[in-house]
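The values are calculated or read from the model by the stated rules, or taken from the named source; none is laboratory data. Given the structure is predicted, the values throughout are model-derived calculations rather than measurements. A quick note on method: Cβ atoms are made from the backbone with ideal geometry, for glycine too, and the neighbour counts reach across all protein chains shown.
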Amino acid sequence: MTQSILCQFCHVGHLHTPFLKTVFFVMTLDLIKSLLQLKTPQGIPHNVYQILQLWIVSPNALCKDLIVYLDSNGEASITVDEIDDGSYDNCTVSKLAASNLKFTCDDVTKPVDVTLYVTDNSNNIDSCVSKITVIDPAKENCVFSKLVFTFPNAFSPNKDDLNDVLWHKNSNIEVDELKVYNRWGEQIYSYQRKGKPWDGTYMDEFVQNGLYLWVATFHSIKNSRLKDKNSGHVLVIR
């Protein structure tokens, strides 16, 4: 019996004798492995023994390395087919999956290991690793000589819904921490991620009109490794 014919028996629906159906439905995988460890398949028909061997053999995962290029947003994606280098199985490969298919500026500095998982019809799994080299073709999507960041030089916290809070307008920047000090050096406001912008109050009371010092640390949204710090003054007008 050729392998191509045997593979037809890997699909339970193609078993045509009650004995073969009973073997595939009743035998546990551990029992099958125990039987196959015997030097001679005692008590098992030779063709069934061959089928069981095919059923527990894992597929062969084959990977290839890949180079990907980031777009203008500093992002790139791939498919499993792009890193599969002809993975195969004695019967049929039923599923390909990968540990990661999306890349950003954070991945530019060194190749990224992506694991390819290959599954056959009997749920046997093999894996291999592909190295993905991520390149920023524009040489600017992920590299900044200095992050440009600043706050408005004045705001008016008078609850008229116009310029009521101190916040930035830099779409490519995320603030990690912001502190505001009065003219005596007293810290009157502190912000950390997911906090609220300063509304011009201190201890639930509006501060007096005047200049206040702000100090901020921030990073690039496109590349979290790019961080910087800046400071300046803002005029509170009510």
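With respect to the conditions (1) closer than 17 Å to Asn223 by Cβ; (2) surrounded by fewer than 16 Cβ atoms within 10 Å (Cβ to Cβ); (3) among the acidic types (Asp, Glu), Asp65 falls short on a single one, namely (1). The numbered conditions (1) over 16 Å from Pro152 (Cα atoms); (2) in contact with a Phe, Trp or Tyr (Cβ under 8 Å, 6 or more places away or on another chain); (3) surrounded by 12 or more Cβ atoms within 10 Å (Cβ to Cβ) are all true for Arg183 except (3).
Listed here are the residues, each with its yes/no results for (1) closer than 30 Å to Lys227 by Cβ; (2) touching a strand residue (DSSP E or B) at 6+ places or on another chain (Cβ under 6 Å).
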{"residue": "Asp65", "(1), (2)": "no, yes"}
{"residue": "Leu70", "(1), (2)": "yes, yes"}
{"residue": "Gly86", "(1), (2)": "no, no"}
{"residue": "Thr109", "(1), (2)": "yes, no"}
{"residue": "Val114", "(1), (2)": "yes, yes"}
{"residue": "Ser130", "(1), (2)": "no, yes"}
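Among the residues of the stretch 220-229, just one is surrounded by 17 or more Cβ atoms within 10 Å (Cβ to Cβ) and assigned to a strand (DSSP E or B), namely Ser220.
Condition test on Asn170, is it of a type in the set (S, T, N, Q), out of contact with any Pro (no Cβ under 9 Å at 6 or more places or on another chain), modelled with pLDDT of 85 or more and assigned to a loop (DSSP other than H, G, I, E, B)? So Asn170 does not fit the description; no. Determine whether the stretch 156-165 contains at least one residue that is surrounded by 12 or more Cβ atoms within 10 Å (Cβ to Cβ), outside any loop (DSSP other than H, G, I, E, B) and modelled with pLDDT of 90 or more. No; the residues of the stretch 156-165 include none that is surrounded by 12 or more Cβ atoms within 10 Å (Cβ to Cβ), outside any loop (DSSP other than H, G, I, E, B) and modelled with pLDDT of 90 or more.
Looking across the stretch 85-105, the residues that are surrounded by fewer than 15 Cβ atoms within 10 Å (Cβ to Cβ) and under 16 Å from Glu75 (Cβ atoms) come down to Asn100, Lys102.
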